[in-house]
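All remarks here apply to the structure that follows.
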Amino acid sequence: NDLKIFGLGVFFLLALMLGIFFKSVRWIVLPMLCCFLAAISMMGILGTFGWDVTVISSNFISLQLIITLAISVHIIVRFREYQLKSPELDNSSLVIKSIRSKFVPCLYAVLTTIAGFISLMISGIKPVIHFGYMMSLGIILSLALTFVLFPAIAMLMKKPNPPSEWKLFRFSLTAFLGRMT
């Protein structure tokens with residue numbers, strides 16, 4: 001029951017936040033599709049291996065959704081930056097450039113996050129150890145699915161209209177916080 005409530009709650013909250021930040025159906029549907037497929041795939045893997053979800057590991061879906069979304073947002077932001085800097089590039093070129101520039105940083109972020117979850121394995125508490133395994137496997141799955149699925153679907157879509165710099169930065173929370181910092 002926790003998986004359903006927290007997972008769906010986080011899913012809809014993330015979709016709402018994407019809508020507020022990016023104001024584009026494309027940038028809501030594509031990352032949420034990656035999130036959904038990563039979570040469903042992970043549940044299938046857990047079922048295949050017969051791993052039980054405990055009170056400790058019941059939040060793995062929420063965490064996996066957030067981590068998958070973070071990877072997708074990095075790609076979206078880079079895509080939009082390249083689209084502003086080089087509006088003459090076609091959609092495929094923008095996607096390829098974005099994926100290439102974000103793979104290594106996302107890989108390092110995933111590896112450091114996995115290192116944190118692997119550290120749970122020395123706790124000696126079986127449910128905590130299983131949670132470490134679940135999250136490590138889930139994060140690897142999220143990285144792989146996002147870097148395969150996101151560009152594949154993005155290349156099939158037409159090139160979005162470039163966001164004007166005024167729209168990007170005028171109402172952007174991140175730009176506001178950046179200016180304050």
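The values are calculated or read from the model by the stated rules, or taken from the named source; none is laboratory data. As the structure is a computational prediction, the values presented were derived from the model and not from experiment. Cβ: placed from backbone, ideal geometry, glycine included. Neighbour counts: every protein chain shown. Note: areas computed on protein heavy atoms with side chains; ligands, DNA, RNA excluded. Shrake-Rupley method; radii C 1.70, N 1.55, O 1.52, S 1.80 Å.
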Exercise for the section: Starting at the first residue of segment 125-133, write each ³J(HN,Hα) from the Karplus equation 6.51 cos²θ - 1.76 cosθ + 1.60 with θ = phi - 60°, in whole Hz, x for Gly and Pro. Expected result: 9, 3, x, 5, 4, 4, 4, x, 5
Practice task
Count the net charge of all other residues whose Cβ sits under 12 Å from the Cβ of Ile75, scoring Lys and Arg as +1 and Asp and Glu as -1.
Solution key: +4
Handout entry: trypsin sites (Lys or Arg not before Pro) lying in DSSP loop within segment 73-171, provided at most 12 other Cβ fall within 10 Å
Key = Lys158
Practice task
Any chance you could give the angle, 0 to 90 degrees and rounded to 10, that helix 26-49 forms with the longest Cα principal axis of the chain?
Solution key: 20
Completion exercise
Under the Karplus relation with 6.51, -1.76 and 1.60 and θ = phi - 60°, whole-Hz ³J(HN,Hα) for segment 96-113, x at Gly and Pro, equal 4, 4, 5, 5, 4, 6, 9, 5, 5, x, 5, 4, 5, 4, 5, 5, 5, 5
Handout entry: Along each principal axis, Cα extent of segment 31-71, largest first, Å
Key = 28, 20, 11
Handout entry: Convex hull of the chain built on C-alpha atoms - directionally averaged projected area, nm²
Key = 11.4
Exercise for the section: Determine which lysines satisfy two conditions relative to Lys159: a Cα distance under 30 Å, and not lying fewer than 8 residues away in the same chain. Expected result: Lys23, Lys85, Lys97, Lys102, Lys167
Problem - Set of lysines with alpha-carbon distance to Lys126 below 24 Å, sequence-local pairs under 8 removed - result: Lys4
Fill in the blank from the handout: Measure of exposure for Ile96: accessible area at 1.4 Å probe, Å² rounded to 10, is 70
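Show me the trypsin sites (Lys or Arg not before Pro) within segment 1-59 that DSSP assigns to loop and that have at most 15 other Cβ atoms within 10 Å of their Cβ. Could the numbers behind the result be given before it?
Numbers: sites: Lys4, Lys23, Arg26; in loops: Lys23.
The qualifying sites are Lys23.
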Exercise for the section: Quick one: angle between helix 60-85 and the longest Cα principal axis of the chain, in degrees between 0 and 90, rounded to 10, please. Expected result: 20
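Label segment 1-50 by shape, choosing from rounded, prolate and oblate, from the square roots a ≥ b ≥ c of the eigenvalues of the Cα gyration tensor; if a/c is under 1.5 it is rounded, and otherwise prolate applies when a/b is larger than b/c, oblate when it is not. Walk me through the numbers on the way to the answer.
Numbers: a/c = 5.32, a/b = 1.90, b/c = 2.81.
In terms of gyration-tensor shape, oblate.
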Practice task
Would you calculate a helix-derived [θ] at 222 nm for the chain, using -39,500 (n - 2.57) for each DSSP H run of n ≥ 4 and dividing by the full residue count, to the nearest 500?
Solution key: -27500 deg cm²/dmol
